């Protein structure tokens, strides 16, 4: 059993999501003592404070997956210069009721890939603001703003040669971050 289970939250559930592909490829760069929990967020109802005392099964599942993780990786697309609503909804559900956030203290990593040359820079900054409030120590450097283009992946879905060294460096920094904070 891996010593460091990591919750993976992808802010897009599009069938051919660039961020889901990046998440799958990046996992292959981690050491053997890390494992991954694919957190499902596409079936969550819209957050409603009236439901805090009796959350539905999907929200209880989300919270349990986060509680069981030693860290959280967020892969966010950028919609209208911010994070997608589905990701914000998941963040809100797992942070409630007030004072009972399951995000508290979980070391976070923030990444994103987009067809834009600037990647998901603005969405990531918005996400970092939210994570700061949720008391999630978030790896600050290096930042990962990936431009989705030919060569990002090889024929087998692995990170391509052009990005391999950079992303391996990010993974190594995140591994150290989790071990420091877990």
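The values are calculated or read from the model by the stated rules, or taken from the named source; none is laboratory data. Keep in mind it's a predicted model, so treat the numbers as computed, not measured. Every residue, glycine as well, gets a Cβ built from its backbone with ideal geometry; the counts of neighbours run over all protein chains shown.
Any chance the range 169-177 includes a residue that's modelled with pLDDT of 95 or more, farther than 29 Å from residue 58 by Cα, surrounded by 14 or more Cβ atoms within 10 Å (Cβ to Cβ) and over 15 Å from the mean Cα position of the chain (by Cα)?
Yes, some residue in the range 169-177 is modelled with pLDDT of 95 or more, farther than 29 Å from residue 58 by Cα, surrounded by 14 or more Cβ atoms within 10 Å (Cβ to Cβ) and over 15 Å from the mean Cα position of the chain (by Cα).
Quick check: anything in the range 40-57 in contact (Cβ under 8 Å) with a residue 40 or more places away in the chain and under 29 Å from residue 179 (Cβ atoms)?
Yes, some residue in the range 40-57 is in contact (Cβ under 8 Å) with a residue 40 or more places away in the chain and under 29 Å from residue 179 (Cβ atoms).
Please enumerate the residues belonging to the range 5-33 that are closer than 23 Å to residue 102 by Cα and more than 15 Å from the chain's Cα centre (by Cα).
The answer is 33, and nothing else.
In the range 129-168, what residues are buried (at least 16 other Cβ atoms within 10 Å of the Cβ) and closer than 15 Å to residue 72 by Cα?
Scanning the range 129-168 gives 130, 131, 134, 136, 137, 138, 139.
If I ask for residues that are touching a strand residue (DSSP E or B) at 6+ places or on another chain (Cβ under 8 Å), crowded, with 17+ Cβ neighbours inside 10 Å and in a loop (DSSP other than H, G, I, E, B), which ones from the range 31-65 would you list?
Passing the criteria: only 41.
If you check 90, 69, which single one turns out to be closer than 23 Å to residue 182 by Cβ, touching a strand residue (DSSP E or B) at 6+ places or on another chain (Cβ under 6 Å) and at pLDDT 95 or above?
69
State which residue is modelled with the lowest pLDDT when the search covers only the range 93-120 and only residues that are farther than 16 Å from residue 17 by Cα and surrounded by fewer than 17 Cβ atoms within 10 Å (Cβ to Cβ).
Filtering first and then ranking leaves 117.
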